[in-house]
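Following: one structure in structure tokens, then a few remarks.
The values are calculated or read from the model by the stated rules, or taken from the named source; none is laboratory data. Quantities reported herein were computed from a predicted structural model and do not represent experimental measurements. Note: ideal-geometry Cβ built from the backbone for every residue, glycine included; neighbour counts use all protein chains shown.
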């Protein structure tokens, strides 16, 4: 396949995953900050809920790397 | 096992006249976690505060009022006051100082309220100054109504359009723009007043009453302004004399407040203790290792009439109710901060501090992996520890964590990745032997560091991914192992589940190794873990499914069904989230690569441009821009590496074994910041 198309695919994979993470984090983050403001002991749990959606963008990253490697981005492929 | 400090539940029993001595000695020991006495009966009652409590609280009340009045909250005293001095001088000083402070503060308040008064008057007058009429024009009429104030909309037009109506023909209206609105004055016949008010209200009228004086407003403003100036110098003087008081008595007041807070705390301790008419019983926890020390000091302080007994509670009760005090080797102690941020472990649980201490700096170091940033982080950590950490335990510990993390980042930067500030030591070649980014490196700008990189962030991404997956397997296996140990005596079924999950995790790890290709590290791992089984594969649409991995996962699933029956379906679905946990560790590679690429890109843009023109001004500007960009990468990189390393511990690791929610060990005790006890 045209390597340009694959590169676009890789970009979309990580970009869209990033947007997904952002959407998920806006709610979790706001709630976590609110909870921590009321009770500093909530910080640890807040971070967990805040960090959970980050896995989505990591999935995007892995897919992007796989695509990039597949088109020979790191040479050799 | 690495569990929190073991505790012994003890009871201290003695005659009531020795109670204050025992309390005193418990506070000095700082080892005894008191269990509040709650259930009264006719014989045993909650104790009454020691005699001095009420006098001391009164003093405390006055001291706190003075501290607030003098704004001593942020005052930094230059010396610590000995307790004897406080006890000797406080009675007399508190009384006289109280009067003096109250006087001065009241003076200051009356002056500042006068200033505020005059300022309000001036604001009103400035509106009348805009209108330009002498003040006597606004009052003293028999048949004329006067409206003065501001409106949001111009009023002249409104009256002009209404003036066709005969009743508005005799009316005088002034309207001048004033502070985003209009200053207006309207004079009309008394009979018209109501209709005029209606028109004004529609224009957003706000009445401003003219001051009851005569003459031109500007003159009055000048007089008031002069008066304000005079008062302000008086205010400065008052502030100065208050400042003198602050400097002279600040240290003493803070020390006295601290001392009497401690005294009141001690004196009110009997409210948490069981007493009868002639005796008392104190119930609580002490670390087993300190039991003898506690016993000895209490006997030394209060004599033989006291009895200190180990209640020898059952292990079940101990697990249920004992408070949790973490105990770790010295270098791991700063990392207790991360455990406290989450929640203290239960008494029966393993304290994960030591694991966070080993893993966090490794992950953090791998993600930063840069000698320059690592060194800067060590410096930043040291500053946090020594400067910010003086007053705050949290900053002190965070500083040490950053210091340790920075050390690992520097080590990885120096020996593994061989780069500093995003710039590799030597030109980087990709796998086809082509120069990456034109060979930009420290060597290219004339600094030769004799270290050879074992891994290039931008070229060997697959190796980094292999490291991440390997780290995932090790880290989560340890987590599941700890989970097994935690549950072993508690719940056999849960413990067995952990073993099954360990099998599945290893199966997933093997399968990922089978599917991944093209990295030397992966090949090494593959040979080590899957070597003997590498020919047992089922080809499936281009992928090779390892039979051994499949069997491991199937054993796990079969185990779920054996343990849970139909409910096992939920557990089977959880295998997907375990897989996503494994993938989640690739953030180690992701952050490392992203940060490295960002730094290199900035360096590439700026450094090439710097040496291209030969213009000195451009070079200076370039250096400034480069420093700013480096700071940006440094801040973003450290923050995200720190949070991600923490998250891998909190989410992927802790959720495999950790319950948390233990009761904090809070021994009776106090800390003196402003006062000091004699050394006798």
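Given (1) within 14 Å of chain A (Cβ to nearest Cβ); (2) surrounded by fewer than 19 Cβ atoms within 10 Å (Cβ to Cβ); (3) within 24 Å of residue A:52 (Cβ to Cβ), where does residue B:542 come up short, assuming only one miss?
(3)
Whether any residue in region B:100-115 is surrounded by 18 or more Cβ atoms within 10 Å (Cβ to Cβ), in contact with a strand residue (DSSP E or B) (Cβ under 8 Å, 6 or more places away or on another chain) and modelled with pLDDT under 85 is what I want to check.
no
State which residue pairs qualify: first residue more than 9 Å from every other protein chain (Cβ to nearest Cβ) and free of Cβ contacts under 8 Å to residues at least 60 places away in the same chain and inside region B:637-652, second residue crowded, with 22+ Cβ neighbours inside 10 Å and not in a helix (DSSP H, G or I) in any location, beta carbons under 8 Å apart, and separation of 6 or more residues or different chains.
That search, which allows pairs on different chains as well, returns nothing.
Listed here are the residues, each with its yes/no results for (1) assigned to a helix (DSSP H, G or I); (2) closer than 26 Å to residue B:243 by Cα; (3) in contact (Cβ under 8 Å) with a residue 12 or more places away in the chain.
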{"position": "B:98", "(1), (2), (3)": "yes, yes, yes"}
{"position": "B:101", "(1), (2), (3)": "yes, yes, yes"}
{"position": "B:111", "(1), (2), (3)": "yes, yes, yes"}
{"position": "B:136", "(1), (2), (3)": "yes, no, yes"}
{"position": "B:148", "(1), (2), (3)": "no, no, yes"}
{"position": "B:153", "(1), (2), (3)": "no, no, yes"}
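Can you tell me how many residues within region B:337-371 are surrounded by fewer than 20 Cβ atoms within 10 Å (Cβ to Cβ), in a helix (DSSP H, G or I) and modelled with pLDDT under 90?
Residues meeting the conditions: 3.
Given chain A, what helices (runs of 4 or more DSSP H) lie entirely inside it while holding 2 or more residues that are within 9 Å of chain B (Cβ to nearest Cβ) and buried (at least 18 other Cβ atoms within 10 Å of the Cβ)? Please lay out each step first, then the result.
Details: elements: A:3-38, A:43-51, A:54-70.
Ranges flagged: A:43-51, A:54-70.
Condition first: within 13 Å of another protein chain (Cβ to nearest Cβ), at pLDDT below 90 and not in a loop (DSSP other than H, G, I, E, B). Can you find one or more residues in region B:561-573 that meet it?
Just the residues of region B:561-573 that are within 13 Å of another protein chain (Cβ to nearest Cβ), to begin with: none.
No - not one qualifying residue is present in region B:561-573.
Does residue B:621 satisfy being closer than 30 Å to residue B:582 by Cβ and part of a helix (DSSP H, G or I)? Full working, then the answer.
On the way: closer than 30 Å to residue B:582 by Cβ: no; part of a helix (DSSP H, G or I): yes.
So residue B:621 fails the test.
Filter region B:209-263 for residues that are within 30 Å of residue B:186 (Cα to Cα) and in a helix (DSSP H, G or I) and give the result.
The initial filter retains those residues of region B:209-263 that are within 30 Å of residue B:186 (Cα to Cα), namely B:209-225.
B:217, B:218, B:219, B:220, B:221, B:222, B:223, B:224, B:225, listed by residue number.
What's the total number of residues in region B:499-543 that are within 19 Å of residue B:581 (Cα to Cα), out of contact with any helix residue (DSSP H, G or I) (no Cβ under 8 Å at 6 or more places or on another chain) and part of a loop (DSSP other than H, G, I, E, B)?
Residues meeting the conditions: 0.
Go through (1) away from every other protein chain (no Cβ under 12 Å); (2) surrounded by fewer than 20 Cβ atoms within 10 Å (Cβ to Cβ); (3) out of contact with any strand residue (DSSP E or B) (no Cβ under 9 Å at 6 or more places or on another chain); (4) part of a helix (DSSP H, G or I) one by one and return the number of the condition residue B:672 breaks.
(4)
Which members of region B:325-357 meet the condition of being touching a residue at least 60 places away in the same chain (Cβ under 8 Å), within 19 Å of the chain's Cα centre (by Cα), within 14 Å of chain A (Cβ to nearest Cβ) and over 23 Å from residue B:284 (Cα atoms)?
If the condition is that a residue be touching a residue at least 60 places away in the same chain (Cβ under 8 Å), within 19 Å of the chain's Cα centre (by Cα), within 14 Å of chain A (Cβ to nearest Cβ) and over 23 Å from residue B:284 (Cα atoms), then B:335, B:336, B:337, B:338, B:342 are the ones that fit.
Does region B:511-525 hold any residues that are in contact (Cβ under 8 Å) with a residue 24 or more places away in the chain and surrounded by fewer than 18 Cβ atoms within 10 Å (Cβ to Cβ), and which are they?
Of the residues in region B:511-525, the ones in contact (Cβ under 8 Å) with a residue 24 or more places away in the chain are B:511-516, B:518-522, B:525.
Result: B:515, B:518, B:520.
Among (1) surrounded by fewer than 17 Cβ atoms within 10 Å (Cβ to Cβ); (2) over 19 Å from residue B:375 (Cβ atoms), there is one condition residue B:578 misses while meeting the rest; what is its number?
(1)
If you take the residues in region B:421-473 that are on the phi > 0 side of the Ramachandran plot and within 35 Å of the chain's Cα centre (by Cα), which one is nearest to the other protein chains (Cβ to nearest Cβ)?
Once the filter is applied, the top-ranked residue is B:422.
Taking interchain pairs and intrachain pairs at least six residues apart, which have beta carbon atoms under 7 angstrom, with the first residue in region B:269-281 and within 13 Å of residue B:41 (Cβ to Cβ) and the second part of a helix (DSSP H, G or I)?
Sorted first by the residue in region B:269-281, then by its partner, the pairs are B:275/B:16.
Restricting to region B:544-556, give me the number of residues that are closer than 20 Å to residue B:527 by Cα and touching a helix residue (DSSP H, G or I) at 6+ places or on another chain (Cβ under 6 Å). Can you show your working first?
From region B:544-556, those closer than 20 Å to residue B:527 by Cα are B:544-552; that's our starting set.
Subset that is touching a helix residue (DSSP H, G or I) at 6+ places or on another chain (Cβ under 6 Å): B:544, B:546, B:548-549, B:552.
So the answer is 5.
How many residues does region B:653-664 contain that are part of a helix (DSSP H, G or I) and more than 9 Å from chain A (Cβ to nearest Cβ)? Full working, then the answer.
Here is the first cut: in region B:653-664, the ones part of a helix (DSSP H, G or I) are B:653-656.
Checking which are more than 9 Å from chain A (Cβ to nearest Cβ) leaves us with B:653, B:656.
The number of residues fulfilling the criteria is 2.
Among the residues of region B:293-303, write down those that are surrounded by 11 or more Cβ atoms within 10 Å (Cβ to Cβ), out of contact with any strand residue (DSSP E or B) (no Cβ under 8 Å at 6 or more places or on another chain) and outside any loop (DSSP other than H, G, I, E, B). Talk me through it step by step, then tell me what you get.
So in region B:293-303, the residues surrounded by 11 or more Cβ atoms within 10 Å (Cβ to Cβ) come out as B:293-299, B:301-303.
Those left that are additionally out of contact with any strand residue (DSSP E or B) (no Cβ under 8 Å at 6 or more places or on another chain): B:293, B:296-297, B:301, B:303.
Answer for region B:293-303, where residues must be surrounded by 11 or more Cβ atoms within 10 Å (Cβ to Cβ), out of contact with any strand residue (DSSP E or B) (no Cβ under 8 Å at 6 or more places or on another chain) and outside any loop (DSSP other than H, G, I, E, B): B:293, B:296, B:297, B:301.
Which of the residues spanning region B:167-208 are outside any strand (DSSP E or B) and in contact (Cβ under 8 Å) with a residue 60 or more places away in the chain? Give the derivation first.
If we filter region B:167-208 for residues that are outside any strand (DSSP E or B), which is where we start, we get B:167-170, B:179-180, B:190-205, B:208.
Selection gives B:208 alone.
May I ask you to list the residues in region B:304-316 that are more than 17 Å from residue B:6 (Cα to Cα) and either crowded, with 17+ Cβ neighbours inside 10 Å or touching a strand residue (DSSP E or B) at 6+ places or on another chain (Cβ under 9 Å) (or both)? Reasoning before the result, please.
Applying the first criterion (more than 17 Å from residue B:6 (Cα to Cα)) to region B:304-316 yields B:304-308.
Hits for region B:304-316 are B:305, B:306, B:307, B:308.
For residues that are out of contact with any helix residue (DSSP H, G or I) (no Cβ under 9 Å at 6 or more places or on another chain) and surrounded by 13 or more Cβ atoms within 10 Å (Cβ to Cβ), scanning just region B:622-665, find the one that is nearest to residue A:53 (Cα to Cα). So that I can check it myself, show each step before the final result.
Going residue by residue through region B:622-665, those that are out of contact with any helix residue (DSSP H, G or I) (no Cβ under 9 Å at 6 or more places or on another chain) are B:624, B:627-628, B:631, B:635, B:639, B:661-662, B:665.
Narrowing further to those that are surrounded by 13 or more Cβ atoms within 10 Å (Cβ to Cβ): B:662, B:665.
Details: B:662: 28, B:665: 34 Å.
Ranking the candidates gives B:662 first.
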